[in-house]
Amino acid sequence: LPFEVKILGSSSATPTTERNQSSQLLNIHEQFYLLDCGEGTQLQLLKAKAKINKIRHIYISHLHGDHYLGLFGLISSMHLGGRNAPLTIFGPRGLAEIITLQLRYSETILTYPVNFYELDETPSVIFEDDKITVTVIAMNHRIKCYGFIFKEKEKKRKLIKEKIPAEMRLQDIVKLKNGEDLYSDSGELVIKNAEVTYPPRHCRSYAYCADTLYDERILQFISDVDLLYHESTFSSELQDRAIKTHHSTAREAGIIARKANAGMLIIGHFSTRYRDLRPLLAEARNEFPNTMLAFEGELFSIEEKFLTNVPSGGN
Ligand SMILES: [Zn+2]
Ligand SMILES: [Zn+2]
């Protein structure tokens, strides 16, 4: 099952001819989630051949224009496309009011329900179903800004088919998948779980850390994340400017990834002053080698993998 991040935009503040404003499309188990929606996101979704009516949730990190000015256009296109499925939009206080106003003055009654979820408490779990949980955390920016962590839920153990007796009862299979050993009615151990099951697959995770100053308070929430996106607006030469504008440098993004023990780092939200991003990449890699650049159209996929502990016993 996929767990993928598609980069739709990597530019901060204004778009350039090569880079769009912030947006990413997540595909988790064929469910689609949009992260931020800068101007031009619709075009990027078209280029990515994404079906916009399959987008289930939209998460808006903050109300700077480069993160949400594409939202009303996208909502309108979903309407023109005859969408029926409800859309949930998670965003800061004020977003519902802004969108409602635009709808009111265009006299649009949408073909589908929109549920606004106003972000407030951090950290908190803002969504969960049987597959994933989404947690919101606070970023440190000029206005209220949020980060989002997507994590797969704890999975079941996997049965080793050859080692499972053919006549096993359904309730015993459920027990085995839940990691329990099987006992007879008289209390004797009949089947040792570790001998007939594989450990559950690793729960994959992704953290989207939008506009922020370097702030180690996020580390506790993103530790051991498989894939980390951290903004990296400037290179270290402009450290002062990063501090003044409440942004991070590529080096700082690398330090956060290293301290969080992330699997991989994606840097993005690049200032339009950089045509060549290689110096930023080099700077981040100097702190955290497994760093990649966010690049329009780039896909980052987290493979399913087993945990390292293998079943004991058996032959
Ligand atoms: Zn921004
Ligand atoms: Zn911002």
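Once R0 is set to 51 Å, what does the formula 1/(1 + (r/R0)^6) return for the Cβ-Cβ distance between E303 and Y105, expressed as a FRET efficiency to the nearest 0.05?
0.60
List the lysines whose alpha-carbon lies under 19 Å from that of K244, not counting same-chain residues fewer than 8 positions away?
K144
For region 61-110, which semi-axes, largest first and in whole Å, follow from the square roots of 5 times the eigenvalues of its Cα gyration tensor?
19, 12, 10
Expressed in nm to one decimal, what extension gain is obtained for the pair R142 and E237 from 0.36 nm per residue of sequence separation less their Cα-Cα distance?
Full-extension gain reported as 32.1 nm.
Which residues in region 56-82 place their backbone N less than 12 Å from a point set 7 Å from the Cα of I98 along the Cα-to-Cβ direction?
60-73
Across region 186-192, in residue order, what do the Karplus-derived ³J(HN,Hα) couplings come to in whole Hz, using 6.51 cos²θ - 1.76 cosθ + 1.60 with θ = phi - 60° and x for Gly and Pro?
7, x, 8, 5, 9, 10, 8
How big is the charge dipole of region 1-128 about its Cα centre, in debye rounded to the nearest 20, if each Lys and Arg gets +1 on its Cβ and each Asp and Glu gets -1 on its Cβ?
Numbers: 10 positive and 12 negative charges, 105 e Å.
Here region 1-128 has a charge dipole of around 500 debye.
Note down the magnitude of the dipole of the chain about its Cα centre, charges +1 on Lys and Arg C-beta and -1 on Asp and Glu C-beta and zero elsewhere, to the nearest 20 debye.
Working: 38 positive and 40 negative charges, 103 e Å.
Computed about the Cα centre, the dipole is about 500 debye.
I'd like to know which of V5, F116, S61 lies farthest towards the positive end of the charge dipole of the chain, counting +1 on Cβ of Lys and Arg and -1 on Cβ of Asp and Glu.
V5
Take peptides 68-78, 5-15 and line them up by average Cβ neighbours within 10 Å, highest first, as a rough protection proxy.
Put in order of decreasing packing, that is 5-15, 68-78.
Hey, how many Å between the Cα centroid of region 175-238 and the Cα centroid of region 77-123?
Measuring centre to centre over Cα atoms gives 32 Å.
What is the helix-to-structure angle for 95-105, meaning the angle in degrees between its Cα long axis and the longest Cα principal axis of the chain, kept from 0 to 90 and rounded to the nearest 10?
60 degrees
Which of the GluC sites (Glu not before Pro) found in region 154-206 are loop residues per DSSP with 14 or fewer other Cβ atoms within 10 Å of their Cβ?
Of the GluC sites (Glu not before Pro), the ones in loops of region 154-206 whose Cβ has at most 14 other Cβ atoms within 10 Å are E154, E167, E180, E188.
Tell me, what is the percent relative contact order of the chain, built from C-alpha pairs under 8 Å that lie six or more residues apart? Before the final figure, lay out each step's value.
On the way: 699 pairs, mean separation 54.0, N = 315.
Answer for the chain is 17 percent.
Coordinate-derived values only; no laboratory data. These figures come from a predicted structure and were not determined experimentally. Positions of Cβ are generated from backbone atoms using ideal geometry, with glycine treated the same way; all protein chains shown enter the neighbour counts.
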